[in-house]
Amino acid sequence: MIAKRKLLEKFLEGVPSFPKPKLKYEQYIIPSWLAADLLWIAETTYGDIYGMKVLDLGTGTGKLALGAALIGANYVVGIDIDLDAIKVAKAYVLNNLPQLTNLEFICADITNLDLGGRRSFDTVIQNPPFGVHKKGYDIMFLKSALRLARVTYSVHKSRTRDFILKFLNENYKCRVTILLRAKIPIPPIYEFHEKRVHLVDVDIIRIELLD
């Protein structure tokens, strides 16, 4: 188990980005410092990682899933629909951290997951699509997460905060906490990107189901 946040961030910095970012999936890689903050708060403040069954929806190249495994989750599964990204995640772990036997990556559509039934995991950690290019993508990820675990950590655009909170409060008996607010840099990975770096305001939220 990694015992220092800075060391966790250092490990996460080595995770490769998407080999071929796909706009239809709104792919971008979460910054290592933000991934480390999310995971560190989840464990040190709430005890939601160590010894737990953790699911990373839309894992991409595996940064959040890998971090949860390094912190000491009992079992971690990273799910992504993009086979190219899953291959990168698997190769990175195999070549750099083969001792991590508590980590598995699966290529699958999150809307059709059969992972042992309702709330078969303790914790979901996810950096889902923002729902900019495919409306409702962010809500689809939230619905899947809340079906599969009691606690969910999720990253969303700050400007959708009111919409996300309204959706959660109207449809679930839950406690929602905004853990962090941050600016993340999005590099020009798609053709329509004109800026060298675009800063996006995001919230990291924790959702705990109460029923």
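The values are calculated or read from the model by the stated rules, or taken from the named source; none is laboratory data. Just so we're clear, the structure is a prediction, and the values are computed from it rather than from any experiment. Positions of Cβ are generated from backbone atoms using ideal geometry, with glycine treated the same way; all protein chains shown enter the neighbour counts.
Some notes on this structure:
- Restricting segment 27-56 to residues that are touching a Phe, Trp or Tyr at 6+ places or on another chain (Cβ under 6 Å) and not in a helix (DSSP H, G or I) leaves a set whose member that is nearest to ALA73 (Cα to Cα) is LYS53.
- Restricting segment 109-118 to residues that are surrounded by fewer than 16 Cβ atoms within 10 Å (Cβ to Cβ) and under 17 Å from the mean Cα position of the chain (by Cα), the residue that is farthest from LEU12 (Cα to Cα): THR111
- Selected residue (criterion: farthest from LEU12 (Cα to Cα)) from residues of segment 22-63 that are in contact with a helix residue (DSSP H, G or I) (Cβ under 6 Å, 6 or more places away or on another chain) and of a type in the set (Asp, Glu): ASP48
- Of the residues making up segment 90-107, not a single one is surrounded by 10 or more Cβ atoms within 10 Å (Cβ to Cβ), under 15 Å from the mean Cα position of the chain (by Cα) and in a helix (DSSP H, G or I).
- Selection status of ASP109, touching a Cys at 6+ places or on another chain (Cβ under 8 Å) and among the acidic types (Asp, Glu): no
- Residues located in segment 139-175, provided they are within 17 Å of the chain's Cα centre (by Cα), of a type in the set (A, V, I, L, M) and farther than 20 Å from MET52 by Cα: ILE139, MET140, VAL155, ILE164
- Unique residue being touching a residue at least 40 places away in the same chain (Cβ under 8 Å), within 16 Å of the chain's Cα centre (by Cα) and within 18 Å of ASN96 (Cα to Cα) when the list is LEU39, LEU8: LEU8
- Any hit, segment 178-194, residues being touching a Pro at 6+ places or on another chain (Cβ under 7 Å), basic (Lys, Arg) and modelled with pLDDT under 95: no
- Candidates VAL155, VAL124, filtered to the one that is closer than 21 Å to THR111 by Cα and either in contact with a Pro (Cβ under 9 Å, 6 or more places away or on another chain) or in a helix (DSSP H, G or I) (or both): VAL155
- Restricting attention to segment 1-30, the residues that are of a type outside the set (A, V, I, L, M, F, W, C) and buried (at least 18 other Cβ atoms within 10 Å of the Cβ) add up to 6.
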